[in-house]
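J.: What follows is a structure written as structure tokens; I'll ask about it next.
The values are calculated or read from the model by the stated rules, or taken from the named source; none is laboratory data. If you're wondering where the values come from, they're calculated on a predicted model, not measured in any experiment. Cβ placement follows ideal geometry from the backbone for every residue including glycine, while neighbour counts extend to all protein chains displayed. Ligands, DNA and RNA are stripped out before the accessible areas are found, and what is left, the full protein with its side chains, is counted by its heavy atoms. Shrake-Rupley method; radii C 1.70, N 1.55, O 1.52, S 1.80 Å.
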Amino acid sequence: GEIVAAPESYVAHMWRVGSDPKTKARYKVGAGDAIKNRARAVKAHLGPWYEKKTLTFPSFKEWRGKELDTSSITDSFSHLKCENFEWFLNKFDTSVVPNEVFQIEAVASGSEASTSQLCLELNTMSWTNYGTPDEVVLKECTGSSASKPKPIWWHRSSRLSDGSCCGGLRAWNTDQCIDGRNPRKGANKLPSYTCDLDSGLEVVLRTTDGDGEGRGELLLTLPRSKDPQLCISVVGKSSVGVVECKDATKWRKRYPFTPIEYELLSSEMKSDWEKDS
């Protein structure tokens with residue numbers, strides 16, 4: 001957690017290779033020490049975000065309701081008059097903080113209307129940031145509580161070319177975005193990839209008449225497709241793929257809510273977010 005000035009030191013990275021004993025670690029990390037150190041660093045530097053956001057992640061659950069001493073960190077910078085975490089967010093673009101999180105439900109029609117309600121969800125990943133691609137699939141929608149770590153909640157993300165938000169869809173509390181970089185008509189799988197926050201237009205929610213985003217039925221358009229315009233759709237009974245928008249499934253937001261990370265922002269930063277979105 002501490003950073004110490006050492007003017008005469010040099011920093012290098014070494015890969016540990018099983019076949020080379022010279023690269024073997026000469027120290028041991030106790031069970032749970034790594035996550036404890038992360039928790040201490042977050043608590044020391046992020047203020048209220050530690051209690052209200054960080055501790056919602058499963059990997060930090062053991063520290064809920066427990067004391068965690070960070071004095072060795074905070075004492076080392078208390079005299080420096082450091083800015084708070086919101087300053088950091090503002091400097092590096094608060095537009096990536098979602099103001100709304102929601103499930104994306106397929107609108108059933110005809111004989112399908114009586115079947116289970118299906119929503120988009122990452123296939124294997126939970127709330128984490130492994131940097132590993134996944135697949136977006138249809139699974140049964142969940143209730144309004146977002147306390148369980150299910151990657152079924154989504155939000156708009158990624159900057160447009162002018163720096164405003166947003167040009168993509170990201171699974172909440174993960175590093176995964178729906179991959180709309182190279183849409184292909186007839187694709188019967190919908191991959192995700194590690195979000196590129198400067199990716200521009202990839203996946204956009206649009207009303208069925210093309211007039212912006214609303215609360216009713218929506219299309220999941222893939223703006224990088226030209227002629228014909230392509231959209232994300234249910235393919236077959238329960239697969240997700242890419243078809244022409246005129247034939248695409250309609251979607252709707254399910255149980256939208258404002259996440260705690262947005263509530264923690266000041267009124268000024270919220271105003272700036274709305275201005276740029």
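J.: Kirkwood hydrodynamic radius of segment 57-103 from all distinct Cα pairs, in Å?
T.: Hydrodynamic radius (Kirkwood, Cα pairs) of segment 57-103 is 14.2 Å.
J.: Please give every one of the lysines within straight-line cross-link reach of K150, meaning a C-alpha to C-alpha distance under 16 Å, and leave out same-chain neighbours fewer than 8 residues apart.
T.: Counting by Cα, and skipping residues close in sequence, K150 has these lysines nearby: K53, K61, K139.
J.: Which log10 I(q)/I(0) values, to two decimals, does segment 23-102 give at q = 0.17 Å⁻¹ under the Debye formula with one point per Cα?
T.: Values, matching the q order: -0.86.
J.: Taking amide H positions as placed in the peptide plane 1.01 Å from N, state which residues far from S199 in sequence (5 or more) or on other chains have amide H under 5 Å from it.
T.: Long-range HN contacts for S199: R159.
J.: Per residue, how much accessible area does segment 45-112 show when a 1.4 Å probe rolls over the protein heavy atoms, in square angstrom?
T.: Using a 1.4 Å probe on heavy atoms only, each residue of segment 45-112 averages 60 Å².
J.: Next question, about the same structure. Name the residue, out of G47, G18, G200, whose mean-square fluctuation peaks in a Gaussian network model built on the chain with Cα pairs under 10 Å.
T.: For the chain, modelled as a Gaussian network with Cα springs under 10 Å, the answer is G18.
J.: With a 10 Å radius around each residue's Cβ, average the other Cβ atoms per peptide and rank 48-57, 73-82, 23-32, 231-240, highest first.
T.: The peptides rank, most packed first, as 231-240, 48-57, 73-82, 23-32.
J.: Placing unit charges on C-beta atoms (Lys and Arg positive, Asp and Glu negative, everything else neutral), compute the dipole magnitude of segment 180-277 about its Cα centre in debye, rounded to 20.
T.: So the dipole magnitude of segment 180-277 works out to roughly 720 debye.
J.: Please report the equivalent ellipsoid semi-axes of segment 16-65, computed as sqrt(5 x eigenvalue) of the Cα gyration tensor, largest first, in whole Å.
T.: Sorted largest first and rounded, they come to 31, 11, 9 Å.
J.: I would also like to ask the following. Please turn the phi angles of segment 256-264 into ³J(HN,Hα) values with the Karplus equation 6.51 cos²θ - 1.76 cosθ + 1.60 (θ = phi - 60°), one per residue in order, whole Hz, x for glycine and proline.
T.: Going residue by residue, I get x, 8, 8, x, 4, 5, 7, 4, 6 Hz, with x marking Gly and Pro.
J.: Let me ask something additional. Would you list which lysines come within 20 Å of K275, measuring only between C-alpha atoms, while excluding same-chain residues fewer than 8 positions from it?
T.: K91
J.: Collect residues whose amide H, placed 1.01 Å from N in the peptide plane, falls under 5 Å from the amide H of L118; neighbours closer than 5 in sequence don't count.
T.: Under 5 Å from the amide H of L118 lie the amide H atoms of A106, C141, each far enough along the sequence or on another chain.
J.: Right, another one. Convex hull volume of the Cα atoms in segment 106-243, per residue, in Å³?
T.: 124
J.: While we're on this one: Going from the alpha-carbon gyration tensor of segment 1-158, what semi-axes, largest first and in whole Å, does one get by taking the root of 5 times each eigenvalue?
T.: 39, 23, 16
J.: With charges only on Cβ, +1 for K and R and -1 for D and E, what is the dipole size of segment 136-213 about its Cα centre, in debye, rounded to 20?
T.: Here the size comes out at about 360 debye.
J.: Using a Debye calculation, one point per C-alpha and no hydration shell, please list log10 I(q)/I(0) for segment 188-277 at q = 0.17, 0.20, 0.21, 0.24 Å⁻¹ in order.
T.: -0.91, -1.12, -1.17, -1.29
J.: For segment 143-243, what does the accessible surface come to per residue with a 1.4 Å probe? Please give it in Å².
T.: On a per-residue basis, segment 143-243 sits at 46 Å².
J.: Where does helix 33-46 land angle-wise versus the long Cα axis of the chain, in degrees 0 to 90, nearest 10?
T.: 80
J.: Something else: Treating only the Cα positions of the chain as identical point scatterers, give the base-10 log of I(q)/I(0) from the Debye formula at each q in 0.09, 0.11 Å⁻¹.
T.: -0.53, -0.76
J.: Size of the dipole of the chain about the Cα centre, Lys and Arg at +1 and Asp and Glu at -1 on the beta carbon, nothing else charged, in debye to 20?
T.: The dipole magnitude comes to about 900 debye.
J.: OK, next. Counting only residues 5 or more places away or on other chains, whose amide H sits under 5 Å from the amide H of Q176 once H atoms are built in the peptide plane?
T.: Under 5 Å from the amide H of Q176: A171, C195.
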